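Worksheet: the structure to be examined is printed underneath.
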Amino acid sequence: MKVIPLIALLVSLTPLLAQTKPAASEKTPVAPKKELLPNQVAFLNLPEENRKDFIKHLGEANRLFQQKRIFETLEELDKAEKIFGESPEVSNMRGSCFVEMRAFDKALIAFQKSSALAKDNPSIEFNIAEVYFCTKQWRKSHDLLVKILKMIPEDNTTLGRLVEFKILLCKKKLGLNEEVTILANKYDFLDDSPFYYYAQAALAYDANDLIKAEEWLAIAGRIFQDPNSIAPWQDTLVEYGYIKSFYGNDDAVEPTK
């Protein structure tokens, strides 16, 4: 079974943490306050000690998750959830843990809970789209990724280009070949992302030109030498089926929509 861990795109705690800091002086410029969500208000109504304990457990869960200590991460999340059960951060990270375990049904439930608590957050919606992508629900993944792309700031090319690449692959599975060709040639080698090289590799794989596909990937590897910048692109090809994973191929019949 093909394996790809989702990127842990955590919901920012900034709106909540900012409330625990001393008030700015009169001379300090203060940005306009955004209206807090109901769950954020509920968090701020907790005793200060509870808020500190919650943040401590969530931070420890994040540290453990980065080390791939998934079961220990879940234990810390349980502790955090006992303090405050309406946290999108907890649900989002829990979903990421389930993805690591390939428990996609549970992951989807966790991400959807997180989304309900923090609507239209591109990080959470991306995780939901990834679950659809991993489970080969191409139409659902495509439509959600298109929505997410509109939510991503233009200067966030790292996430934006990756989303476009996944859209390209979904379009291929949906038989939208003309749109695939247009999107594959949207950027060139001057673009500050691996998109161009991976798009060309995908086209080569489709043409059954494995040597050419590997050449494109090798070029991308030489240009983008940081393994962390290449990993999500490489993982996408694994999950899509172009590259065989360590766990082998998933022979289950895949849905097309």
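Data overview
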| read-out | value |
| --- | --- |
| Cα-based Rg of the stretch 28-127 normalised by 2.2 N^0.38 Å, two decimals | 1.13 |
| Derived scalar couplings ³J(HN,Hα) [the stretch 193-203; Karplus, 6.51 cos²θ - 1.76 cosθ + 1.60; whole Hz; x for Gly, Pro] | 7, x, 3, 4, 6, 6, 5, 5, 5, 4, 5 |
| Hz values of 3J(HN,Hα) by residue in the stretch 139-156 - Karplus curve (6.51, -1.76, 1.60), Gly and Pro given as x | 5, 4, 5, 4, 5, 6, 5, 4, 5, 4, 4, 6, 8, 7, x, 4, 7, 8 |
| Size of electric dipole in the stretch 38-165: Cβ of Lys, Arg +1 and of Asp, Glu -1, about Cα centre, debye, nearest 20 | 380 |
| Point-charge dipole on Cβ atoms (K/R +1, D/E -1) for the stretch 155-226, about Cα centre, debye to 20 | 240 |
| Between the stretch 126-157 and the stretch 197-245, the alpha-carbon center distance in angstrom | 19 |
| Extended-chain gain in nm, criterion 0.36 nm per residue less alpha-carbon gap, Asn50 and Ser229 | 60.7 nm |
| Dipole-positive endmost among Ala220, Ser193, Leu176 within the stretch 164-257 (Cβ charges, Cα centre) | Leu176 |
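Bear in mind these aren't lab numbers, they're just calculated from the coordinates by the rules spelled out. Owing to the predicted nature of the structure, the values given are computational and were not obtained by experimental measurement. Please note: Cβ atoms are built from the backbone with ideal geometry, for glycine as well, and neighbour counts cover all protein chains shown.
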